[in-house]
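For reference, the structure discussed in these notes is given below.
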Amino acid sequence: MTSTGSTLAALRWYVDMGVDEAVGEVAPDWLAPRPAAAKIPAVPSASPAAPPPAVFAVPTAPARTRAMSAPAAIPAAQDAHRLAQAARDLAELQDALRAFDGCQLKQTATNLVFGDGNPKAKVMLVGEAPGADEDRQGKPFVGVSGQLLDRMLAWIGLDRSAFYITNQVYWRPPGNRKPTDAEVASCQPFVMRHIELVLPEVLVLVGGAATRTLLGRADGVMKLRGHWFDYASAGLPRPIPTMVILHPAFLLRTPSFKRETWRDLLAIEQRLKTLH
């Protein structure tokens, strides 16, 4: 293959892998020593007796490591909370997200990726963030990982007419990088309202990122998967039984863990059989 052909093949491979955004003119040297961070003097609080932040989402699982602090601690999350709580149905929530400019990912994404499936289904899934295929189509989990997830759920008799699916972030991060804490926090009120409006009977968290955000657990996904937790928020009439499963992107890289996921899916199937 010529040098030009090799270069084009490499570029096509990068695009297929989701590396399609330029983040700088010069490639960073990740092995270079990092400069010491400048020390910023602490600013004394004007009110030493200020109350602690309000609890925004309270997982009711035993041995909880921490409660979720209110994302209203930052202005973007305050605006998100106001817009999300004003939504009376999914259509209004989607319109609120289109009007929301507090998440920087919106500036680089092609489409808002809101949700897919049956919003009246008993099962709701929440993943991490859209990828390149999801960004192009405006639907969650439609790429290679999503196709594997569909096949996995088909094993227990579920298709997109029998479950509803979304992500904890509604726009694709450039290059499929992980969303930052600020990006997750700005979307969190919408995710929580999303769950409240769907009101599923079983919630499935796909991967560790959604688990940390919605359950407030610092434990790794390997420790949490296969166990039932209760997800609760102020807008829910009752806690929702919640199962954590491994992300299909991880299973594509490490197929030996499909056995554990099969067990988790069987546990979900069994739980659904007990519902009226």
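Could you tell me whether any residue of the stretch 178-194 is within 17 Å of ALA84 (Cβ to Cβ), out of contact with any Gly (no Cβ under 8 Å at 6 or more places or on another chain), without any contact (Cβ under 8 Å) to a residue 60 or more places away in the chain and β-branched (Val, Ile, Thr)?
Yes, that holds for at least one residue.
Summed over the stretch 191-216, the residues that are more than 16 Å from TRP228 (Cα to Cα), crowded, with 20+ Cβ neighbours inside 10 Å and not β-branched (Val, Ile, Thr) give a count of 4.
Scanning the stretch 217-270 for residues that are basic (Lys, Arg), touching a helix residue (DSSP H, G or I) at 6+ places or on another chain (Cβ under 9 Å) and farther than 22 Å from LYS122 by Cα, which turns out surrounded by the fewest Cβ atoms within 10 Å (Cβ to Cβ)?
LYS258
Cβ-Cβ below 6 Å, separation at least six or inter-chain, first residue in the stretch 238-264 and within 19 Å of ARG217 (Cβ to Cβ), second part of a helix (DSSP H, G or I) and of a type in the set (Phe, Trp, Tyr): which pairs? That search, which allows pairs on different chains as well, returns LEU246/PHE257.
Here the condition is being surrounded by 17 or more Cβ atoms within 10 Å (Cβ to Cβ), farther than 15 Å from PHE190 by Cβ and modelled with pLDDT of 95 or more; of VAL113, VAL169, VAL123, it holds for VAL123 alone.
Looking for whichever is surrounded by 15 or more Cβ atoms within 10 Å (Cβ to Cβ) and either under 26 Å from ASN176 (Cα atoms) or modelled with pLDDT of 90 or more (or both) here; the options are GLN94, GLN78. Which one fits?
GLN94
In the stretch 183-190 there is no residue that is surrounded by fewer than 21 Cβ atoms within 10 Å (Cβ to Cβ) and either modelled with pLDDT under 95 or within 20 Å of TYR231 (Cα to Cα) (or both). Of the residues making up the stretch 111-125, those that are within 18 Å of the chain's Cα centre (by Cα) and either under 15 Å from ARG172 (Cα atoms) or part of a loop (DSSP other than H, G, I, E, B) (or both) are ASN111, LEU112, VAL113, PHE114, GLY115, PRO119.
The values are calculated or read from the model by the stated rules, or taken from the named source; none is laboratory data. What you are looking at is a predicted structure, and each value in this text was computed from that prediction instead of being measured. When we count neighbours, we look across all protein chains shown, and the Cβ atoms used for this are built from the backbone with ideal geometry, even at glycine.
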